[in-house]
1. Can you report the number of residues in segment 98-118 which are closer than 18 Å to residue 60 by Cβ and in contact (Cβ under 8 Å) with a residue 24 or more places away in the chain?
2. Inspect segment 88-97 for any residue being open to solvent by less than 50 Å² (accessible area, probe 1.4 Å) and on the phi > 0 side of the Ramachandran plot and give the result as yes or no.
3. Quick one: would you say residue 32 is outside any helix (DSSP H, G or I), polar (S, T, N, Q), closer than 27 Å to residue 2 by Cβ and open to solvent by less than 40 Å² (accessible area, probe 1.4 Å)?
4. Go through segment 42-51 and give me each residue that's in contact (Cβ under 8 Å) with a residue 12 or more places away in the chain, surrounded by fewer than 19 Cβ atoms within 10 Å (Cβ to Cβ) and either assigned to a helix (DSSP H, G or I) or small (Gly, Ala, Ser) (or both).
5. Within segment 12-28, restricting attention to residues that are within 27 Å of residue 70 (Cα to Cα) and small (Gly, Ala, Ser), which residue is surrounded by the fewest Cβ atoms within 10 Å (Cβ to Cβ)?
6. Among the listed residues 76, 38, identify the single one that is farther than 14 Å from residue 114 by Cβ, open to solvent by 50 Å² or more (accessible area, probe 1.4 Å) and in contact with a helix residue (DSSP H, G or I) (Cβ under 6 Å, 6 or more places away or on another chain).
7. Just name the residue that is modelled with the highest pLDDT out of those in segment 27-51 that are touching a Pro at 6+ places or on another chain (Cβ under 7 Å) and under 26 Å from residue 98 (Cα atoms).
8. Yes or no: segment 52-69 includes at least one residue that is at pLDDT below 90, surrounded by 14 or more Cβ atoms within 10 Å (Cβ to Cβ) and more than 16 Å from the chain's Cα centre (by Cα).
Amino acid sequence: MTDLDALVTQALTRFGDPPGPSLVATSGGLDSTVLARLMVPALRLRGGSPRLACFDHGWRPFEAEVDAVRTLAADLQVPLDLGGARPDPAHLRAVGPEAAARSARQGWLESLGAGPVHLGHHAD
């Protein structure tokens with residue numbers, strides 16, 4: 001176990017994250033790739049069974065993203081769940097594209113019923 005693995009494992013324990021099944025949401029971008037590379041080993045050290053989850057919002061070509069995520073899942077030796085949806089136009093107009101996308105993604109992640117969901121996001 002590296003010092004970094006120990007820090008992440010301690011944080012999971014401190015924040016009350018239960019061992020067991022969990023999802024690490026990833027788009028294949030830098031923030032979620034780093035999150036997956038940190039979380040998967042730490043979750044396993046705690047007896048967890050992590051999975052990666054990737055959601056297509058329909059904003060850009062998904063194949064490039066999903067190829068990166070498939071490679072990441074294979075490298076980390078974890079299952080991968082793929083999903084996608086287009087927001088309801090009325091909901092999109094009411095809350096805007098970012099909020100509609102978050103809502104659609106969160107609903108899908110929760111529908112997987114795989115325990116806690118770990119997300120990585122940056123300020124912009």
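1. Looking only at that region, the number is 4.
2. Yes, because at least one residue in segment 88-97 is open to solvent by less than 50 Å² (accessible area, probe 1.4 Å) and on the phi > 0 side of the Ramachandran plot.
3. No, not satisfied.
4. Within segment 42-51, 45, 47, 49 meet the criteria.
5. The qualifying residue surrounded by the fewest Cβ atoms within 10 Å (Cβ to Cβ) is 20.
6. Just a single option satisfies the conditions, and that option is 38.
7. Applying the filter and picking the extreme gives 51.
8. no
The values are calculated or read from the model by the stated rules, or taken from the named source; none is laboratory data. Being a predicted model, the structure only gives us computed values, none of them experimental. Note: ideal-geometry Cβ built from the backbone for every residue, glycine included; neighbour counts use all protein chains shown. Keep in mind that these areas ignore ligands, DNA and RNA; they rest on the heavy atoms of the full protein, side chains included. Shrake-Rupley method; radii C 1.70, N 1.55, O 1.52, S 1.80 Å.
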